[in-house]
1. Using only Cα atoms and rounding to the nearest 10 degrees, what angle (0 to 90) does helix 6-15 make with the longest principal axis of the chain?
2. Relative contact order for the range 323-437: what is it in percent, counting Cα pairs under 8 Å that are at least 6 residues apart?
3. Calculate the dipole size of the range 314-437 relative to its Cα centre from +1 charges on Lys and Arg beta carbons and -1 charges on Asp and Glu beta carbons; express the result in debye to the nearest 20.
4. Within a Cβ distance under 13 Å of ASP151, other residues only, what is the Lys/Arg minus Asp/Glu net charge?
5. If I compute solvent accessible area with a 1.4 Å probe over the protein chains, what percent of it on the chain is carbon and sulfur?
6. Can I get the semi-axes of the chain's equivalent ellipsoid? Compute them from the C-alpha gyration tensor as square roots of 5 times the eigenvalues, in angstrom, largest first.
7. Looking at the chain as a GNM with Cα springs under 10 Å, which of GLN419, GLN61, GLN184 has the largest mean-square fluctuation?
8. Take peptides 62-68, 258-264, 275-281, 103-109 and line them up by average Cβ neighbours within 10 Å, highest first, as a rough protection proxy.
Amino acid sequence: MDALPWSLFSAMIRNGPGEGCHGMIVARARSRRQFLRFLVGSPFMTWGARSSAGESPAPPQRLPDPMVWAPRDLETLIANPKDAVNVFDFEAVARKNLPPAHFGYLVAGVDDEVTLRANREGFLKFQLRPRRLVDVSKIDTRCTILGLAYDSPIFICPTASNRAFHPDGEVAVARAAKVGNHLQMLSTVATTSIEETTAARGAPIWFQLYASPRWQIAEALIKRAEAAGSPGIVVTVDDLGGRNQETLLRLRRSDTRQCSSCHAPGWGYVARKPNYDGLDMSGLSTIMAPHMTWEIIKRLRDTVKIKLLLKGIMSHEDARLAAANGIDAIIVSNHGGRSEDSGRSTIDALPEIIEAAGSMPVLVDSGFRRGTDIVKALALGAKAVGIGRPCLWGLGAFGQEGVERVLELLRAELRVAIQQVGAPSLEHLAPAMVRRA
Ligand SMILES: Cc1cc2nc3c(=O)[nH]c(=O)nc-3n(C[C@H](O)[C@H](O)[C@H](O)COP(=O)(O)O)c2cc1C
């Protein structure tokens, strides 16, 4: 359609023929020549016009199908969480609210962000296969995860430094989790302690462990979590320390604030995170544990009586080893595309892992944004599905209310998706309800 602006073309469609359309075209087209060029390329022109000019007929150009009648305008932001129609509405508001460096930290993947994109595109490789004529007038999304009852299979992933996104940080997230009775996992490097977050949630929360190279630190952290009433330790095994977050690095350059007042050079500022209170962090150059092996996992296992989960499993071989090593559950995760750029999505890895896991529960995260994404994973056999960035978009946009609304939207979409596949409860979801596209 050459130089004819889309807005002009859509104005024609909106107004319809005979409603001033012609006048508008003439007024808005830059020149008569431009207008004629448009008409020649227009699907409204019949083929005959070209034929009569002696040219061989060209096929008519197709309009986008389906037409996008309400394209998302990123400049028009929601002013109230209730106005959000999906979780993506919060991201643009968070971008407006947050300093570029913090927003960059929130959204970044690694390298070319191939895994980040694959996590979303992966869902297109799976289709739902609904069953009909099942009574789905009532939908029950309650579930039990490692012996604990929750109202929804949607859990909140552990994410670091929530106060970088809102002053209420993890406390706001905990209060939002409480509203929907969601399982919440707290990061080692949270900006709120396990005790304070547990109090805000009003129920035990799960503790995510970055073990660090020093055993005494890992030991002290998990014992503290156990003493705080945490039912489970989630050991992250996919973040090995080195990563190239180009989106963060580039956005940080446009941040004019003085970052060193909060971020002392090196690991100093990390060591100030409240879960490390009282621990000797001197001499550490990382909080990750690139030396982690199954022997260390066994040592962690033997140190606490509560459940032990591994987060970051992406292969059936490791799932089998986890089951053989007495791990209580695993989380299929690539850290939301923040730890590796393998290009493999978690939904893609899920089926082989479910098969290998046997009776060991499998949870999954990375890229889940829609009720249909969640129902695909649950039908494939996942016990629960974790949400990372969307909760932080909600937090950065509106604090607790934003997180509440993100979770509310996901719960609502999940209910509809479960209903659509013909399952009155999570127990009724079955692998036959999903097929590879
Ligand atoms: C800003 C941010 C911080 C994160 N911090 C941690 C962390 O401290 N520990 C951890 O195990 N995972 C961390 N993750 C990964 C999440 O737990 C989760 O695996 C991932 O966000 C899920 O993907 P999603 O963001 O696409 O939903 C973080 C993710 C983000 C976006």
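The values are calculated or read from the model by the stated rules, or taken from the named source; none is laboratory data. Quantities reported herein were computed from a predicted structural model and do not represent experimental measurements. No Cβ is skipped: glycine too gets one built from the backbone with ideal geometry, and neighbour counts run over all protein chains shown. Each accessible area value is taken on the protein alone, full model and side chains, heavy atoms only, with ligands, DNA and RNA left out. Shrake-Rupley method; radii C 1.70, N 1.55, O 1.52, S 1.80 Å.
1. Compared with the principal axis, the helix lies near 70 degrees.
2. RCO, the range 323-437: 23 percent.
3. 340 debye
4. With Lys, Arg at +1 and Asp, Glu at -1, the neighbours total +2.
5. 53 percent
6. 46, 27, 21
7. Highest fluctuation of the listed residues: GLN61.
8. The packing order, highest mean first, is 103-109, 275-281, 258-264, 62-68.
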